[in-house]
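Novice: Attaching a single structure in structure tokens format; questions to follow.
The values are calculated or read from the model by the stated rules, or taken from the named source; none is laboratory data. Every value quoted in this text rests on a predicted model; they were computed, and no experiment measured them. Cβ placement follows ideal geometry from the backbone for every residue including glycine, while neighbour counts extend to all protein chains displayed.
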């Protein structure tokens, strides 16, 4: 390569870096949040309806696994597609968040599945091990939502989102240690009850993502005009 | 644009970086500083040159209750930048 070509390559890399650092296209992030929210609301609604209208535990088990697989395939496909597109058209903050999101959403269920299988073989109290794994998985998703808040805050230069991300984890942990349960009512298969921490988790991973998605949608439209 | 007539504006990597940053739209001084990673002094010097050559324009705006300066590219800069990128491509791929 001649000196002239080296200078040209160096200038091209300066231009690329500058463009990468100032890209403000958040549409992919907006779509990821909306799809996550929709998937979680679909999952929640399906499972609630299943428990309300089906009494056979075996049937509930089969449907539960099927719904889980459908939701997993849907969100994994969406995350892979969005991460792939983002490598060419998004800024570094979005790309970092997409990579973390994909790792948690795609790999965590697989790691948990393998650990569940292994814990059945090695742990003396496999139920306790499964409960710990579920709690860990739930906390990771709450932390992922905090990551989403931080990313939106960084992109929009809004400090409030960073405060909200800390509050999100704090509220979840406080509700978790309070260990209080809300009883919804009686159904054919027994009593429906939820921990306050689980209710909070459900709300943020469904409506929380939808609200973040709508916030970005409005912001992107305003920027475009 | 020919190799022998490259405008002085593209002879500094910091000036090239500032122009590239502004391709995506208007930016504040602080945004430019973050994106280019340069010092205040260097950035101010190069911005002044770009302003005097008519490549960028500035305006004072109120952002978060503070008076800040925002910069944007002039149409002339965009045209020259496109020509310069084409020139760089032709140097890297002579065929």
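Novice: In the stretch A:143-173, which residues are without any contact (Cβ under 8 Å) to a residue 12 or more places away in the chain and buried (at least 20 other Cβ atoms within 10 Å of the Cβ)?
Specialist: none
Novice: Follow-up question, since we're still on this one. Could you list, in sequence order, all residues of the stretch B:72-81 that are closer than 14 Å to residue B:21 by Cβ and either loosely packed, with under 13 Cβ neighbours inside 10 Å or in contact with a strand residue (DSSP E or B) (Cβ under 7 Å, 6 or more places away or on another chain) (or both)?
Specialist: Looking only at the stretch B:72-81, we keep the residues that are closer than 14 Å to residue B:21 by Cβ, and these are B:72-73, B:77-78, B:81.
Across the stretch B:72-81, the qualifying residues are B:72, B:73, B:77.
Novice: Let me ask something else. Out of all the residues in the stretch B:15-47, which are under 9 Å from the mean Cα position of the chain (by Cα), closer than 15 Å to residue A:21 by Cβ and buried (at least 18 other Cβ atoms within 10 Å of the Cβ)?
Specialist: Matches in the stretch B:15-47: B:16, B:17, B:18, B:19, B:20, B:21, B:22.
Novice: Residue under question is residue B:69, and the condition is that it be in contact with a helix residue (DSSP H, G or I) (Cβ under 6 Å, 6 or more places away or on another chain), surrounded by fewer than 18 Cβ atoms within 10 Å (Cβ to Cβ) and either farther than 15 Å from residue A:22 by Cα or within 11 Å of chain A (Cβ to nearest Cβ) (or both); does it hold? Break it down stepwise before answering.
Specialist: Numbers: in contact with a helix residue (DSSP H, G or I) (Cβ under 6 Å, 6 or more places away or on another chain): yes; surrounded by fewer than 18 Cβ atoms within 10 Å (Cβ to Cβ): yes; either farther than 15 Å from residue A:22 by Cα or within 11 Å of chain A (Cβ to nearest Cβ) (or both): yes.
Answer is yes for this residue.
Novice: Same structure, new question: Among B:32, B:16, B:87, which is under 22 Å from residue A:12 (Cα atoms), within 13 Å of chain A (Cβ to nearest Cβ), touching a strand residue (DSSP E or B) at 6+ places or on another chain (Cβ under 8 Å) and assigned to a helix (DSSP H, G or I)?
Specialist: On the way: B:16 fails: touching a strand residue (DSSP E or B) at 6+ places or on another chain (Cβ under 8 Å); B:87 fails: touching a strand residue (DSSP E or B) at 6+ places or on another chain (Cβ under 8 Å).
Residue meeting the stated conditions: B:32.
Novice: So which of A:40, A:68 is out of contact with any helix residue (DSSP H, G or I) (no Cβ under 7 Å at 6 or more places or on another chain) and either more than 14 Å from chain B (Cβ to nearest Cβ) or within 30 Å of residue A:221 (Cα to Cα) (or both)?
Specialist: Numbers: A:40 fails: out of contact with any helix residue (DSSP H, G or I) (no Cβ under 7 Å at 6 or more places or on another chain).
It is A:68.
Novice: Which one is nearest to residue A:18 (Cα to Cα) among residues in the stretch A:55-92 that are surrounded by 17 or more Cβ atoms within 10 Å (Cβ to Cβ) and touching a residue at least 60 places away in the same chain (Cβ under 8 Å)?
Specialist: The residue in question is A:91.
Novice: Right, here's the next one. Would you be able to tell me the number of residues in the stretch A:15-47 that are in contact with a strand residue (DSSP E or B) (Cβ under 9 Å, 6 or more places away or on another chain) and modelled with pLDDT of 85 or more? Can you show your working first?
Specialist: Taking the stretch A:15-47 first, the residues in contact with a strand residue (DSSP E or B) (Cβ under 9 Å, 6 or more places away or on another chain) are A:22.
Within this subset, residues satisfying the condition of being modelled with pLDDT of 85 or more are none.
Number satisfying all stated conditions: 0.
Novice: Mind checking which residues of the stretch B:35-48 are more than 9 Å from chain A (Cβ to nearest Cβ) and outside any loop (DSSP other than H, G, I, E, B)? Lay out the reasoning, then the answer.
Specialist: Kept after step one, since they are more than 9 Å from chain A (Cβ to nearest Cβ), are these residues of the stretch B:35-48: B:38-48.
B:40, B:41, B:42, B:43, B:44, B:45, B:46, B:47, B:48, listed by residue number.
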